[in-house]
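Below you'll find the structure, written out as C-alpha coordinates, and then a few comments.
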Amino acid sequence: MGRCVLVTGGAGYVGSHTVLQLLLEGFTAVVVDNLDNSSEFAVQRVAQLAGEFGKNLTFHRIDIRDIEALEKVFSTTKFDAVIHFAGLKAVGESVQKPLLYYKNNIIGTIALLEVMAAYGCKKLVFSSSATVYGWPKDLPCTEESPLCAMNPYGQTKLMIEEICHDIHRADSDWKIMLLRYFNPVGAHSSGHIGEDPRGIPNNLMPLIQQVSVGRRPTLAVFGNDYSTKDGTGVRDYIHVVDLADGHIAALHKFFEDPNIGCEVYNLGTGNGTSVLEMVAAFEKASGKKIPLVMAGRRPGDAEILYACTAKAEKELNWKAKYSIEEMCRDQWNWASKNPWGYGLPDPAN
Ligand code: NAD
Ligand code: UDP
(Lines give C-alpha, C1' and ligand atoms only; values in the text may rest on other atoms or scores of the structure.)
(Ligands and ions follow the chains in the order given, each with its own letter.)
Protein backbone atom coordinates (compact mmCIF):
# COMPACT_ATOMS: atom_id res chain seq x y z
CA MET A 1 0.00 0.00 0.00
CA GLY A 2 1.29 3.47 -0.92
CA ARG A 3 1.17 6.43 1.40
CA CYS A 4 -2.33 7.59 2.24
CA VAL A 5 -3.44 11.18 1.64
CA LEU A 6 -6.67 12.87 2.72
CA VAL A 7 -7.85 15.29 0.03
CA THR A 8 -10.42 17.87 1.07
CA GLY A 9 -12.31 19.34 -1.89
CA GLY A 10 -11.05 16.47 -4.02
CA ALA A 11 -14.18 16.43 -6.22
CA GLY A 12 -13.45 19.98 -7.40
CA TYR A 13 -11.46 21.20 -10.38
CA VAL A 14 -7.89 21.23 -9.06
CA GLY A 15 -8.68 18.50 -6.52
CA SER A 16 -9.92 15.94 -9.05
CA HIS A 17 -6.85 16.39 -11.27
CA THR A 18 -4.56 16.11 -8.26
CA VAL A 19 -6.30 12.97 -6.99
CA LEU A 20 -5.77 11.35 -10.39
CA GLN A 21 -2.05 12.18 -10.34
CA LEU A 22 -1.82 10.89 -6.74
CA LEU A 23 -3.38 7.56 -7.68
CA LEU A 24 -1.16 7.20 -10.75
CA GLU A 25 1.87 7.85 -8.50
CA GLY A 26 0.83 4.97 -6.23
CA PHE A 27 -0.74 6.97 -3.38
CA THR A 28 -3.98 5.96 -1.69
CA ALA A 29 -6.45 8.86 -1.65
CA VAL A 30 -9.46 9.56 0.55
CA VAL A 31 -11.58 12.43 -0.73
CA VAL A 32 -13.90 14.45 1.50
CA ASP A 33 -16.10 17.00 -0.25
CA ASN A 34 -19.57 18.40 0.41
CA LEU A 35 -20.15 18.75 -3.37
CA ASP A 36 -21.15 22.41 -2.97
CA ASN A 37 -19.31 23.29 -6.17
CA SER A 38 -18.67 19.88 -7.70
CA SER A 39 -20.12 16.55 -8.75
CA GLU A 40 -19.54 13.02 -7.52
CA PHE A 41 -19.20 12.06 -11.21
CA ALA A 42 -15.80 13.75 -11.14
CA VAL A 43 -14.65 11.31 -8.46
CA GLN A 44 -16.05 8.35 -10.41
CA ARG A 45 -14.31 9.45 -13.59
CA VAL A 46 -11.02 9.89 -11.74
CA ALA A 47 -11.31 6.31 -10.48
CA GLN A 48 -11.94 5.08 -14.05
CA LEU A 49 -9.05 7.10 -15.49
CA ALA A 50 -6.73 5.67 -12.83
CA GLY A 51 -7.37 2.12 -14.10
CA GLU A 52 -6.04 -0.50 -11.69
CA PHE A 53 -5.19 2.28 -9.19
CA GLY A 54 -8.83 3.37 -9.06
CA LYS A 55 -9.43 0.93 -6.23
CA ASN A 56 -7.19 3.10 -4.03
CA LEU A 57 -9.72 5.95 -4.02
CA THR A 58 -12.48 6.44 -1.43
CA PHE A 59 -15.04 9.24 -1.31
CA HIS A 60 -17.00 10.66 1.65
CA ARG A 61 -19.60 13.37 1.18
CA ILE A 62 -18.67 15.47 4.19
CA ASP A 63 -18.56 19.14 5.09
CA ILE A 64 -15.17 19.77 6.67
CA ARG A 65 -16.84 21.92 9.34
CA ASP A 66 -18.54 18.74 10.58
CA ILE A 67 -15.91 17.73 13.14
CA GLU A 68 -17.64 14.49 14.12
CA ALA A 69 -17.78 13.31 10.52
CA LEU A 70 -14.12 14.23 9.99
CA GLU A 71 -13.13 12.39 13.18
CA LYS A 72 -14.88 9.30 11.91
CA VAL A 73 -12.74 9.38 8.77
CA PHE A 74 -9.53 9.94 10.75
CA SER A 75 -10.41 7.21 13.26
CA THR A 76 -10.58 4.55 10.53
CA THR A 77 -7.59 5.61 8.40
CA LYS A 78 -4.09 6.76 9.24
CA PHE A 79 -3.13 9.62 6.93
CA ASP A 80 0.45 10.44 5.99
CA ALA A 81 -0.58 13.93 4.83
CA VAL A 82 -3.56 16.12 3.98
CA ILE A 83 -4.05 18.22 0.84
CA HIS A 84 -6.60 20.92 1.63
CA PHE A 85 -8.48 22.26 -1.41
CA ALA A 86 -11.95 22.61 0.16
CA GLY A 87 -13.14 26.19 0.12
CA LEU A 88 -15.33 28.70 -1.62
CA LYS A 89 -13.51 30.68 -4.29
CA ALA A 90 -15.79 33.16 -6.09
CA VAL A 91 -14.32 36.62 -5.51
CA GLY A 92 -17.51 38.57 -6.30
CA GLU A 93 -19.65 36.33 -4.10
CA SER A 94 -17.16 36.79 -1.26
CA VAL A 95 -17.72 40.57 -1.45
CA GLN A 96 -21.50 40.05 -1.31
CA LYS A 97 -21.42 37.36 1.38
CA PRO A 98 -18.26 37.79 3.46
CA LEU A 99 -19.54 35.80 6.42
CA LEU A 100 -20.25 32.80 4.21
CA TYR A 101 -16.62 32.90 3.09
CA TYR A 102 -15.14 33.40 6.55
CA LYS A 103 -17.38 30.68 7.97
CA ASN A 104 -16.68 28.14 5.26
CA ASN A 105 -13.01 28.77 4.57
CA ILE A 106 -11.71 29.79 7.99
CA ILE A 107 -13.89 27.69 10.29
CA GLY A 108 -13.58 24.74 7.90
CA THR A 109 -9.79 24.98 7.98
CA ILE A 110 -9.65 25.31 11.77
CA ALA A 111 -11.89 22.23 12.14
CA LEU A 112 -9.60 20.29 9.83
CA LEU A 113 -6.43 21.40 11.63
CA GLU A 114 -7.90 20.47 15.01
CA VAL A 115 -8.83 16.98 13.86
CA MET A 116 -5.45 16.51 12.17
CA ALA A 117 -3.68 17.48 15.42
CA ALA A 118 -5.91 15.19 17.49
CA TYR A 119 -5.01 12.25 15.25
CA GLY A 120 -1.30 13.10 15.01
CA CYS A 121 -1.31 13.95 11.29
CA LYS A 122 0.72 17.15 10.98
CA LYS A 123 1.64 17.37 7.29
CA LEU A 124 -0.53 19.79 5.33
CA VAL A 125 -0.51 21.11 1.76
CA PHE A 126 -2.76 24.15 1.46
CA SER A 127 -4.26 25.77 -1.67
CA SER A 128 -3.36 29.41 -1.38
CA SER A 129 -3.60 31.83 -4.25
CA ALA A 130 -1.73 34.51 -6.18
CA THR A 131 -4.58 36.77 -5.10
CA VAL A 132 -2.60 37.33 -1.86
CA TYR A 133 -0.25 39.59 -3.88
CA GLY A 134 -3.09 42.05 -4.57
CA TRP A 135 -2.02 44.55 -7.24
CA PRO A 136 1.77 44.03 -7.16
CA LYS A 137 4.12 46.94 -7.83
CA ASP A 138 7.08 44.75 -8.74
CA LEU A 139 6.96 41.77 -11.06
CA PRO A 140 7.37 38.88 -11.19
CA CYS A 141 5.85 38.09 -7.77
CA THR A 142 8.28 36.29 -5.53
CA GLU A 143 7.25 34.56 -2.32
CA GLU A 144 8.64 37.62 -0.49
CA SER A 145 6.53 40.18 -2.39
CA PRO A 146 4.22 42.29 -0.19
CA LEU A 147 0.86 40.70 0.58
CA CYS A 148 -2.50 42.43 0.35
CA ALA A 149 -6.03 41.06 0.29
CA MET A 150 -8.34 42.82 -2.16
CA ASN A 151 -11.56 41.07 -1.05
CA PRO A 152 -12.88 38.63 1.60
CA TYR A 153 -11.85 35.59 -0.49
CA GLY A 154 -8.25 36.83 -0.58
CA GLN A 155 -8.50 37.69 3.10
CA THR A 156 -9.38 34.06 3.90
CA LYS A 157 -6.27 32.87 2.05
CA LEU A 158 -4.06 35.34 3.93
CA MET A 159 -5.63 34.45 7.27
CA ILE A 160 -5.20 30.71 6.70
CA GLU A 161 -1.57 31.27 5.72
CA GLU A 162 -1.07 33.15 9.02
CA ILE A 163 -2.84 30.42 11.02
CA CYS A 164 -0.50 27.88 9.43
CA HIS A 165 2.60 29.92 10.29
CA ASP A 166 1.34 30.25 13.88
CA ILE A 167 0.64 26.55 14.44
CA HIS A 168 4.05 25.71 13.06
CA ARG A 169 5.69 28.30 15.36
CA ALA A 170 3.85 26.75 18.31
CA ASP A 171 4.63 23.14 17.37
CA SER A 172 7.45 22.38 14.96
CA ASP A 173 6.07 18.89 14.30
CA TRP A 174 3.78 20.62 11.81
CA LYS A 175 5.12 20.48 8.24
CA ILE A 176 3.15 22.81 5.98
CA MET A 177 3.32 23.80 2.31
CA LEU A 178 1.42 26.94 1.34
CA LEU A 179 1.08 26.71 -2.43
CA ARG A 180 0.14 29.97 -4.12
CA TYR A 181 -1.53 29.02 -7.38
CA PHE A 182 -1.55 31.40 -10.29
CA ASN A 183 -4.37 30.79 -12.84
CA PRO A 184 -5.18 27.10 -13.35
CA VAL A 185 -6.76 26.29 -16.73
CA GLY A 186 -7.03 23.34 -19.11
CA ALA A 187 -8.09 19.82 -18.32
CA HIS A 188 -6.80 16.27 -18.27
CA SER A 189 -5.82 15.21 -21.80
CA SER A 190 -8.52 12.49 -21.82
CA GLY A 191 -11.21 15.20 -21.80
CA HIS A 192 -13.10 13.23 -19.13
CA ILE A 193 -12.43 15.57 -16.21
CA GLY A 194 -12.28 19.34 -16.23
CA GLU A 195 -13.66 22.49 -14.65
CA ASP A 196 -17.42 22.59 -14.13
CA PRO A 197 -18.32 25.38 -11.72
CA ARG A 198 -21.88 25.62 -10.41
CA GLY A 199 -23.79 28.73 -11.47
CA ILE A 200 -22.24 31.59 -13.40
CA PRO A 201 -18.48 31.10 -13.67
CA ASN A 202 -16.17 33.67 -12.19
CA ASN A 203 -13.00 32.99 -14.14
CA LEU A 204 -11.97 33.72 -17.70
CA MET A 205 -11.46 30.21 -19.08
CA PRO A 206 -14.76 28.63 -17.98
CA LEU A 207 -16.51 31.67 -19.47
CA ILE A 208 -14.65 31.36 -22.78
CA GLN A 209 -15.48 27.67 -22.74
CA GLN A 210 -19.20 28.31 -22.18
CA VAL A 211 -19.27 30.81 -25.07
CA SER A 212 -17.53 28.26 -27.32
CA VAL A 213 -20.23 25.62 -26.75
CA GLY A 214 -23.10 28.09 -27.13
CA ARG A 215 -24.04 28.38 -23.47
CA ARG A 216 -23.31 32.13 -23.50
CA PRO A 217 -23.45 34.55 -26.44
CA THR A 218 -20.41 36.71 -25.68
CA LEU A 219 -17.39 37.18 -23.44
CA ALA A 220 -17.12 40.48 -21.59
CA VAL A 221 -13.53 41.73 -21.58
CA PHE A 222 -12.97 43.48 -18.26
CA GLY A 223 -10.90 46.48 -19.23
CA ASN A 224 -8.89 47.25 -22.37
CA ASP A 225 -7.15 50.36 -21.09
CA TYR A 226 -4.52 48.77 -18.85
CA SER A 227 -0.83 49.51 -19.42
CA THR A 228 -0.28 46.11 -20.99
CA LYS A 229 0.67 44.95 -24.49
CA ASP A 230 -2.93 45.12 -25.78
CA GLY A 231 -4.65 46.94 -22.91
CA THR A 232 -6.20 43.82 -21.36
CA GLY A 233 -5.29 42.19 -18.05
CA VAL A 234 -2.30 39.86 -17.90
CA ARG A 235 -2.15 36.63 -15.85
CA ASP A 236 0.06 33.59 -15.43
CA TYR A 237 -2.05 30.68 -16.72
CA ILE A 238 -0.91 27.23 -15.67
CA HIS A 239 -2.13 23.85 -16.93
CA VAL A 240 -4.10 22.14 -14.17
CA VAL A 241 -2.11 18.92 -14.65
CA ASP A 242 1.15 20.84 -14.07
CA LEU A 243 -0.45 22.28 -10.94
CA ALA A 244 -1.53 18.81 -9.80
CA ASP A 245 2.05 17.60 -10.27
CA GLY A 246 3.22 20.49 -8.08
CA HIS A 247 1.27 18.89 -5.21
CA ILE A 248 2.98 15.55 -5.77
CA ALA A 249 6.33 17.36 -5.69
CA ALA A 250 5.31 19.03 -2.40
CA LEU A 251 4.41 15.65 -0.88
CA HIS A 252 7.72 14.12 -1.94
CA LYS A 253 9.48 17.05 -0.28
CA PHE A 254 7.65 16.27 2.99
CA PHE A 255 8.80 12.68 2.97
CA GLU A 256 12.36 13.35 1.79
CA ASP A 257 13.40 16.56 3.58
CA PRO A 258 13.34 16.50 7.39
CA ASN A 259 13.96 20.26 7.54
CA ILE A 260 10.58 21.32 6.18
CA GLY A 261 8.82 23.92 8.32
CA CYS A 262 5.99 26.11 7.07
CA GLU A 263 7.01 26.88 3.49
CA VAL A 264 5.50 29.07 0.75
CA TYR A 265 5.77 28.31 -2.97
CA ASN A 266 4.44 29.99 -6.09
CA LEU A 267 3.02 27.55 -8.61
CA GLY A 268 2.87 29.27 -11.98
CA THR A 269 4.75 29.27 -15.28
CA GLY A 270 6.47 32.64 -14.98
CA ASN A 271 4.80 33.85 -18.22
CA GLY A 272 2.17 36.55 -18.57
CA THR A 273 -0.66 36.21 -21.12
CA SER A 274 -3.31 38.85 -21.85
CA VAL A 275 -7.06 38.24 -22.10
CA LEU A 276 -6.99 38.84 -25.86
CA GLU A 277 -4.04 36.47 -26.31
CA MET A 278 -5.90 33.80 -24.35
CA VAL A 279 -9.03 34.29 -26.47
CA ALA A 280 -6.98 34.07 -29.69
CA ALA A 281 -5.23 30.87 -28.51
CA PHE A 282 -8.57 29.29 -27.59
CA GLU A 283 -10.13 30.28 -30.93
CA LYS A 284 -7.19 28.64 -32.72
CA ALA A 285 -7.43 25.45 -30.66
CA SER A 286 -11.21 25.14 -31.00
CA GLY A 287 -11.91 26.64 -34.41
CA LYS A 288 -14.72 28.60 -32.66
CA LYS A 289 -15.19 32.34 -32.75
CA ILE A 290 -15.54 33.94 -29.30
CA PRO A 291 -17.59 37.14 -29.72
CA LEU A 292 -16.27 39.85 -27.40
CA VAL A 293 -17.90 42.79 -25.66
CA MET A 294 -15.55 45.40 -24.28
CA ALA A 295 -16.62 46.10 -20.69
CA GLY A 296 -15.22 48.26 -17.95
CA ARG A 297 -12.54 47.15 -15.51
CA ARG A 298 -13.67 44.66 -12.86
CA PRO A 299 -13.35 46.26 -9.42
CA GLY A 300 -10.34 44.99 -7.50
CA ASP A 301 -8.65 43.43 -10.55
CA ALA A 302 -4.89 43.61 -10.80
CA GLU A 303 -3.42 44.80 -14.07
CA ILE A 304 -0.60 42.27 -14.39
CA LEU A 305 0.21 39.26 -12.26
CA TYR A 306 2.78 36.59 -12.95
CA ALA A 307 5.01 34.41 -10.85
CA CYS A 308 8.65 34.04 -10.14
CA THR A 309 8.89 30.24 -10.10
CA ALA A 310 12.55 29.91 -9.12
CA LYS A 311 11.87 28.74 -5.55
CA ALA A 312 9.56 25.88 -6.52
CA GLU A 313 11.92 24.85 -9.32
CA LYS A 314 14.91 24.75 -6.98
CA GLU A 315 13.38 23.34 -3.81
CA LEU A 316 10.53 21.18 -5.11
CA ASN A 317 12.31 20.15 -8.29
CA TRP A 318 9.13 21.01 -10.16
CA LYS A 319 8.54 23.12 -13.27
CA ALA A 320 5.42 23.64 -15.38
CA LYS A 321 5.69 21.92 -18.76
CA TYR A 322 2.59 22.84 -20.75
CA SER A 323 2.19 25.78 -23.14
CA ILE A 324 -0.82 28.08 -23.60
CA GLU A 325 -1.62 26.16 -26.82
CA GLU A 326 -1.73 22.87 -24.89
CA MET A 327 -3.86 24.43 -22.15
CA CYS A 328 -6.40 25.61 -24.76
CA ARG A 329 -6.29 22.30 -26.65
CA ASP A 330 -7.14 20.36 -23.49
CA GLN A 331 -9.74 22.88 -22.35
CA TRP A 332 -11.49 22.54 -25.71
CA ASN A 333 -11.24 18.74 -25.65
CA TRP A 334 -13.05 18.74 -22.28
CA ALA A 335 -15.57 21.38 -23.42
CA SER A 336 -16.45 19.68 -26.68
CA LYS A 337 -16.87 16.27 -25.02
CA ASN A 338 -18.78 17.72 -22.05
CA PRO A 339 -20.53 20.93 -23.12
CA TRP A 340 -22.66 20.81 -19.96
CA GLY A 341 -19.85 19.67 -17.69
CA TYR A 342 -20.77 16.71 -15.53
CA GLY A 343 -24.48 17.49 -15.58
CA LEU A 344 -27.46 18.11 -17.77
CA PRO A 345 -28.39 21.63 -18.89
CA ASP A 346 -29.35 23.61 -15.83
CA PRO A 347 -32.28 25.94 -16.59
CA ALA A 348 -31.10 28.31 -13.86
CA ASN A 349 -27.76 28.74 -15.55
P1 NAD B 1 -13.55 24.01 -6.74
O2 NAD B 1 -14.69 24.82 -6.26
O3 NAD B 1 -13.68 23.30 -8.03
O4 NAD B 1 -13.12 22.95 -5.62
C5 NAD B 1 -13.30 23.20 -4.24
C6 NAD B 1 -14.03 22.02 -3.68
O7 NAD B 1 -14.22 22.19 -2.28
C8 NAD B 1 -15.43 21.82 -4.29
O9 NAD B 1 -15.53 20.50 -4.75
C10 NAD B 1 -16.40 22.12 -3.15
O11 NAD B 1 -17.56 21.33 -3.25
C12 NAD B 1 -15.54 21.75 -1.94
N13 NAD B 1 -15.91 22.44 -0.70
C14 NAD B 1 -16.10 23.77 -0.49
N15 NAD B 1 -16.39 23.98 0.80
C16 NAD B 1 -16.38 22.77 1.43
C17 NAD B 1 -16.61 22.35 2.76
N18 NAD B 1 -16.92 23.21 3.73
N19 NAD B 1 -16.50 21.04 3.05
C20 NAD B 1 -16.21 20.14 2.09
N21 NAD B 1 -15.98 20.48 0.81
C22 NAD B 1 -16.07 21.79 0.48
O23 NAD B 1 -12.28 24.97 -6.76
P24 NAD B 1 -10.83 24.71 -7.37
O25 NAD B 1 -10.65 25.62 -8.52
O26 NAD B 1 -10.57 23.26 -7.53
O27 NAD B 1 -9.96 25.29 -6.19
C28 NAD B 1 -9.42 24.46 -5.17
C29 NAD B 1 -8.71 25.33 -4.16
O30 NAD B 1 -7.70 26.08 -4.80
C31 NAD B 1 -9.64 26.34 -3.46
O32 NAD B 1 -9.25 26.44 -2.12
C33 NAD B 1 -9.34 27.61 -4.20
O34 NAD B 1 -9.57 28.75 -3.40
C35 NAD B 1 -7.87 27.47 -4.53
N36 NAD B 1 -7.45 28.23 -5.69
C37 NAD B 1 -8.11 28.06 -6.88
C38 NAD B 1 -7.74 28.83 -7.98
C39 NAD B 1 -8.49 28.72 -9.30
O40 NAD B 1 -8.46 29.65 -10.08
N41 NAD B 1 -9.16 27.60 -9.58
C42 NAD B 1 -6.69 29.75 -7.88
C43 NAD B 1 -6.03 29.86 -6.65
C44 NAD B 1 -6.42 29.09 -5.56
N1 UDP C 1 -11.63 38.49 -17.36
C2 UDP C 1 -12.36 39.06 -18.37
N3 UDP C 1 -13.66 38.67 -18.53
C4 UDP C 1 -14.26 37.74 -17.73
C5 UDP C 1 -13.49 37.16 -16.69
C6 UDP C 1 -12.17 37.56 -16.53
O7 UDP C 1 -11.88 39.91 -19.11
O8 UDP C 1 -15.45 37.46 -17.91
C9 UDP C 1 -10.22 38.90 -17.18
C10 UDP C 1 -9.91 39.48 -15.81
O11 UDP C 1 -10.16 40.86 -15.79
C12 UDP C 1 -8.42 39.14 -15.66
C13 UDP C 1 -8.29 37.81 -16.43
O14 UDP C 1 -9.43 37.74 -17.30
O15 UDP C 1 -7.63 40.09 -16.34
C16 UDP C 1 -8.31 36.59 -15.52
O17 UDP C 1 -9.46 36.65 -14.68
P18 UDP C 1 -9.84 35.45 -13.70
O19 UDP C 1 -11.07 35.86 -12.96
O20 UDP C 1 -9.89 34.19 -14.48
O21 UDP C 1 -8.59 35.35 -12.73
P22 UDP C 1 -8.04 36.37 -11.61
O23 UDP C 1 -8.42 37.77 -12.01
O24 UDP C 1 -8.66 35.95 -10.33
O25 UDP C 1 -6.57 36.17 -11.64
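Quick notes on this structure:
- Each residue in the stretch 182-216 was checked for being under 18 Å from the mean Cα position of the chain (by Cα) and without any contact (Cβ under 8 Å) to a residue 24 or more places away in the chain, and 4 pass.
- Considering the stretch 286-334, the residues that are within 16 Å of ligand 1 (Cβ to nearest atom), assigned to a loop (DSSP other than H, G, I, E, B) and among the charged types (D, E, K, R) include one that is nearest to Cys148 (Cα to Cα), namely Asp301.
- Among the conditions (1) away from ligand 2 (no atom under 16 Å from the Cβ); (2) modelled with pLDDT under 95; (3) of a type in the set (Asp, Glu), Asp242 misses just one, which is (2).
- Selection count, the stretch 166-191, where residues are among the charged types (D, E, K, R), outside any loop (DSSP other than H, G, I, E, B), in contact with a helix residue (DSSP H, G or I) (Cβ under 9 Å, 6 or more places away or on another chain) and within 14 Å of Leu113 (Cα to Cα): 1
- Condition met for Ser145 (outside any strand (DSSP E or B) and in contact (Cβ under 8 Å) with a residue 60 or more places away in the chain): no
- Checked across the stretch 228-237, the condition of being crowded, with 19+ Cβ neighbours inside 10 Å and over 22 Å from the mean Cα position of the chain (by Cα) holds for at least one residue.
- Exactly one residue out of Ile193, Ile208 is more than 9 Å from ligand 2 (Cβ to nearest atom), among the hydrophobic types (A, V, I, L, M, F, W, C) and buried (at least 23 other Cβ atoms within 10 Å of the Cβ): that is Ile193.
- In the stretch 174-190, the residues that are more than 8 Å from ligand 2 (Cβ to nearest atom) and either out of contact with any Phe, Trp or Tyr (no Cβ under 8 Å at 6 or more places or on another chain) or more than 25 Å from Gly287 (Cβ to Cβ) (or both): Trp174, Lys175, Ile176, Met177, Leu178, Leu179, Arg180, Tyr181, Ser189, Ser190
- Of everything listed in (1) within 13 Å of ligand 2 (Cβ to nearest atom); (2) free of Cβ contacts under 8 Å to residues at least 60 places away in the same chain, the single unmet condition for Ala170 is (1).
- When Arg3, Arg61, Arg45, Arg65 are checked against the criterion of being charged (D, E, K, R) and under 23 Å from Gly186 (Cα atoms), Arg45 stands alone in meeting it.
- The residue of the stretch 45-102 that is farthest from Asn203 (Cα to Cα), among those that are of a type in the set (Ser, Thr, Tyr) and in contact (Cβ under 8 Å) with a residue 40 or more places away in the chain, is Ser75.
- Residue in the stretch 18-25 that is more than 16 Å from ligand 2 (Cβ to nearest atom), surrounded by fewer than 20 Cβ atoms within 10 Å (Cβ to Cβ) and closer than 23 Å to Tyr342 by Cα present: yes
- Selection count, the stretch 141-166, where residues are under 20 Å from the mean Cα position of the chain (by Cα) and under 18 Å from Ala312 (Cβ atoms): 7
The values are calculated or read from the model by the stated rules, or taken from the named source; none is laboratory data. A quick note: this is a predicted structure, and the numbers were derived from the prediction, not measured. Virtual Cβ from ideal backbone geometry, glycine too; neighbours counted across all protein chains shown.
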